[in-house]
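Asks: One structure, pasted below without further comment.
Derivation of every value follows stated rules applied to the coordinates shown; laboratory data play no part. On a predicted model such as this, the values are computed, not experimentally measured, just so you know.
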């Protein structure tokens, strides 16, 4: 959450190098990524293939 980063930065002089968040094609969190970029924090995907088993086209793709 962008507000979590803002609170962290408001309470310390240390800027985190990485923010590991849930991030995958179905949950991109653009506001968090933008806040990270604004402060020079690298966004790292946690669960980068989350939700892929629910993608309706996966069987068709797997068959090719």
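Asks: Starting from the Cα gyration tensor of the range 2-63, take the square roots of the eigenvalues, sort them a ≥ b ≥ c, and report rounded, prolate or oblate (rounded when a/c is under 1.5, otherwise prolate if a/b is larger than b/c, else oblate).
Replies: prolate
Asks: Additional query: So for the chain, averaging the separation of alpha carbon pairs under 8 Å that are six or more residues apart and normalising by length, what relative contact order in percent results? It would help to have the intermediate numbers written out before the result.
Replies: Details: 58 pairs, mean separation 22.8, N = 64.
For the chain, the relative contact order is 36 percent.
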